[in-house]
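Single-structure report; data block below.
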């Protein structure tokens, strides 16, 4: 498996990549068809001027044109390496490259990680780069580890969370293998490892599904701790929590009685979950949750959205 050609993977991610504990911003002149001169809003071809300086400007540095100057690699490429810890926890940033203090390199709409630029509250016919909302964190809730392969030169983590990008998330080499921790929203994610250019599934993860190449993608289910609480019903003898998350079992999830009501803590996958309480054999909607929905069988259930 050398390439992936699904529709979500056709557009390239540009402008940055993740390398272990670092973000590496990369400006490559060949990636851009045009630039804009801020002083007169004139469109420029990159052959029209000489590059003397390139700066990363974005929401993470208040769009400064002074502080994040890049290092020249060759006549086309400039780079800047920053630690993940230097950023705040949002990991939801926009940025662009500024050349010679006044020329903005304009990302193409054919790039995957772009969003419309906003000026004075209005969208303009320009784009900013956007760093994908996947946080690299040492204590992240999604822990990826590939045992062995210590002789490999490079291992990349690629999955549905980063549009199956083949370069973005470079794993960190350890004594026993390769690791990378991400902070992901609750959901099911598919992923594979790329070891020196060769795609493999996670050999230590039995949760997998077939892919279109006749092989398998590994699957990680990120869950979130959720607390269900039913107030009152202090005289009830037994309260059961039932929902789509346990096939509506009538005896599996017995709630704990407290001074103020009944409580049950559970970890759930991302998405929509229907549920009800069974109070001494009687099915009850959650009186404190206004969100309700029909289930297609004529029943109304309370709804819990896990994000």
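Each reported figure results from applying straightforward, stated rules to the coordinates on display, with no laboratory input. What you see is a predicted model, and the numbers here were worked out from it, not measured in a lab. Here the Cβ positions follow ideal geometry from the backbone for every residue, glycine too, while neighbour counts run over all protein chains shown.
When each of the peptides 16-22, 256-262, 40-46, 78-84 is scored by the mean number of other C-beta atoms lying within 10 Å of its residues, the order from highest to lowest reads 16-22, 78-84, 256-262, 40-46. Reducing the range 119-186 and the range 236-282 to their Cα centroids gives an inter-centroid distance of 36 Å.
Compute a Gaussian network model of the chain, connecting alpha carbons closer than 10 Å, and tell me which residue from 232, 31, 86 fluctuates the most. Top of the fluctuation ranking is 232. Using 1/(1 + (r/R0)^6) with R0 = 25 angstrom and r between the beta carbons of residue 257 and residue 225, what's the FRET efficiency to the nearest 0.05? The computed FRET efficiency comes out at 0.80. Here the Gaussian network model covers the chain, with springs between Cα atoms less than 10 Å apart; of 37, 28, 205, 205 fluctuates the most. Ordered by the count of other Cβ atoms within 10 Å of each Cβ, fewest first, 111, 305, 70 give 305, 111, 70. Of the labelled figures [x] 1.08; [y] 1.01; [z] 1.03, only one reflects Rg/Rh (Cα atoms, Kirkwood Rh) as derived from the coordinates, namely [x]. Give the calculated FRET efficiency between residue 115 and residue 267 to the nearest 0.05, with a Förster radius of 35 Å applied to their Cβ-Cβ distance. Step by step, r from the Cβ atoms, then E = 0.60.
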